[in-house]
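For reference, the structure is listed below as structure tokens.
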Amino acid sequence: MGVEATSSQPPADRGARGLLRSREQQITILYLLIAVTIVLILEVPLIYMTVSSFKPGVEVYRVPPTFFPTEWVLNGYQELLELSNMVIALRNSTMVATLASTLGVTLSVGFCYTITRFRMPGMRFFTILMLFVYVLPGILLMIPMVRIWGKLGLTGGLLPLALTYVSFTLPFSIWMLRSHFAGIPLELEEAALVDGANRAQSFIKIILPLARPGIIATFIFTFILSWNEVLFATIFASSQKNVVVSTTLSNLLNERSGWHSWGMINAAGVVATLPVLVFFMLIQRQLVAGFTEGAIKG
Amino acid sequence: MAERLGITLVSGGKVQTQDLVMALVMFLPAFLVLVFLGTYPIITALITAFQRRPLFDLDSTVWVGLDNFTSVFQHPQLWNSFSNDIVFTIASISIQTVVGMAVALLLHQQFTGRNILRGFVLFSYVFPVAVAAIIWRFMLSDSVGIIHHLIDAWNLPIPNTWFASPKTAMPSVIMVTAWKYFPFMVITFLARLQTIDVTLYEAAKVDGANALQRFRYVTLPMLMPVIIITLLLRTIWTFNNWEIVALLTQGGPVYSTITPPILVYDTLFKEFSLGRAAAISFLMVVTLLVAMVFYLYAYDRSEERLT
């Protein structure tokens, strides 16, 4: 972009030295340098964790420390496979996050369709209530949650965890999906209704396909939220059988289950981040749009 | 039926019975979940705060009046946890706002690779917080930490104890929190920046405003609403944040990083007292409400002064 902006400059401006270009170009280069520095500060720690997960045990303790491994090994991953319950955790997390996102997105789809097609009394009050739910402290939700699931005899289980995730990701998915439904012209559906389709048919044949990108993006983002969550996971999924990825990470880190090598902990971090990275790449565009709507859960 | 409920079609047509049935079936589940979430936890926590209710025996309920509050007020770490949390919240939010604003303004400029850089910033917001804890506990560790070694090796004038000493633990937690969460600020600010009409800047330029003046009189007023709401949301979420502290220091060393959410958690799962945990949660909500009212009032006042 910067090059375009300066292309109208007279050639004399290029100066005697190739580096000394127009002022705009210098500023552009400066911006780029600062931005790259910021990204390095943000991402180098992630990269360092990743490369360190391939170091042999002794190299992690070498003084002075090395950045890149001198020898790339899979010991950390091997240990992770043998000594931790990461495999069970990955399976459990996938199940919990899939169930939570499916339920949550299904509820939000119905909700968003109705509020964009029908006018109902009390909607303003309801929008305020939704914002309220949005900022409710998780730790406060915990007390009634523990009571409810305790009464139902579900303490420590994947189902209560998934249901809890549905509840706390719901305000977010509604915010993210609403604009997608509002963006579908009413005329499209009316035309189908005039042609003799009933509302259910028009919803399935017309609305759902048009809202699909938004639905997929919302699904993936609620999946990521559920995958990353720690507090409720620690409460509901701490037993050996019911462990999820975030509880495995925090157990490894806090060494509750014995002593663990940094190679193994780093490997666990990499394994936990990979699905998030892949999903993130798939929905990056929609995510930016979601942020523009001003709707994200912290 | 639909008329009596006050339900109409946005498109203006007549609401058929089948429309109404379908609308209710699709609307009600999410509606009920949200109403339930917006009211039940608050009411339950409020009631529980006046009861003695051990976690391992949820059916034994004894009304104890203000006993939970008196015992919580005598808790040696209660005031410490609240003052810690206030320091933690104000410091990390300030850093996030300033850095977030600077980076948002930068990424709003036009230069090659801008979109890729935006993507990286966004990713920093979505990757697991537990992984952030791993990274920083690894890099700052006194046995294997690369940052620890570099500071030692170069004799940098930086206290090098990080999470291990009561003096440096809180600043370290604040630093990591700011690092993990400032991308949220960048993205919300950036989203708003992109909607500002370019002609406003052109007009300001014609009037002879320099870059600083353009920021002060065009950018900042346009951003103000989003700054207000973002700061409010992030403050609430940071004050209530359990996970980052739990993962980095678990409240230690010597209670130097303990916050009310950690205290609630420990009261619940180490002292098994649902009543006292609810009392502390209740105090948290009150603190936040007071802070919110004060904040919005201060904002209203500053608005008046500006105009």
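Coordinate-derived values only; no laboratory data. It should be emphasised that the depicted structure is a prediction, and the values quoted were computed from it without experimental measurement. Neighbour counts run over all protein chains shown; Cβ positions are idealised from the backbone, glycine included.
Observations
- 20 °C / 1.002 mPa s Stokes-Einstein diffusion coefficient of chain B, Kirkwood radius on C-alpha pairs, µm²/s: 91
- Principal axis box of the range B:140-278, alpha-carbon based, largest edge first, Å: 64, 50, 19
- Taking 28 Å as the straight-line reach from the Cα of residue A:55, the lysines in range (excluding those fewer than 8 positions away in the same chain) are B:180.
- Of all lysines in the structure, the ones whose alpha carbon falls short of 23 Å from that of residue A:241, not counting any fewer than 8 places away in one chain, are A:151, B:270.
- When you filter the trypsin sites (Lys or Arg not before Pro) in the range B:1-101 for DSSP loop state and at most 13 other Cβ atoms inside 10 Å of their Cβ, you are left with B:14.
- For the range B:76-136, the alpha-carbon coordinates run over 55, 25, 15 Å along the three principal axes, in decreasing order.
- Share of Cα-Cα pairs in the range B:231-307 lying beyond 19 Å, as whole percent: 49
- Alpha-carbon gyration tensor eigenvalues x 5, square-rooted, for the range A:160-291, Å: 41, 16, 11
- Sorting B:154, B:136 by the number of Cβ atoms found within 10 Å of their own Cβ, with the fewest placed first, yields B:154, B:136.
- The HN-Hα couplings worked out from phi for the range B:224-231 by the Karplus form 6.51 cos²θ - 1.76 cosθ + 1.60 (θ = phi - 60°) are 3, x, 6, 5, 4, 6, 5, 4 Hz, whole numbers, x standing for Gly and Pro.
- The HN-Hα couplings worked out from phi for the range A:194-210 by the Karplus form 6.51 cos²θ - 1.76 cosθ + 1.60 (θ = phi - 60°) are 4, 6, x, 6, 8, 5, 4, 5, 5, 4, 6, 7, 10, 6, 4, x, 5 Hz, whole numbers, x standing for Gly and Pro.
- Distance (nanometres) between label positions extended 7 Å along Cα→Cβ at residue B:28 and residue A:27: 6.1
- Per-residue mean of C-beta atoms belonging to partner chains within 10 Å, peptide B:66-76: 0
- Hydrodynamic radius (Kirkwood) for the range B:203-263, which is based on Cα pairs only, to one decimal in Å: 14.6
- Applied to the range B:118-130, the Karplus parametrisation 6.51 cos²θ - 1.76 cosθ + 1.60 on θ = phi - 60° returns per-residue 3J(HN,Hα) values of 4, x, 4, 4, 5, 4, 4, 7, 8, 6, x, 5, 5 Hz, with x for Gly and Pro.
- Between amide H atoms placed 1.01 Å from N, distances below 5 Å from residue A:119 occur with B:8, B:9, B:10, all of them 5 or more places distant or on a separate chain.
- Under a model in which nothing but the beta-carbon of Lys, Arg (+1) and Asp, Glu (-1) is charged, the protein assembly as shown shows a dipole of about 380 debye around its Cα centre.
- Cα pair count fraction exceeding 19 Å, expressed as % - the range B:86-212: 62
- Fully extending the segment from residue A:278 to residue A:50 would add 80.5 nm, taking 0.36 nm per residue of separation and subtracting the current Cα-Cα distance.
- By other beta-carbon atoms within 10 Å, ranking B:88, B:120 with the fewest at the front produces B:120, B:88.
- Amide H to amide H distances under 5 Å link residue B:51 with B:64, where only residues 5 or more positions off or on other chains count and H is placed in the peptide plane.
- Whole-angstrom Cα spans of the protein assembly as shown along principal axes, big to small: 81, 67, 54
- FRET efficiency, residue A:72 to residue B:109 (Cβ-Cβ, R0 30 Å, nearest 0.05): 0.20
- Placing +1 on the Cβ of every Lys and Arg and -1 on the Cβ of every Asp and Glu, with no other charges, gives the range B:168-270 a dipole of roughly 80 debye about its Cα centre.
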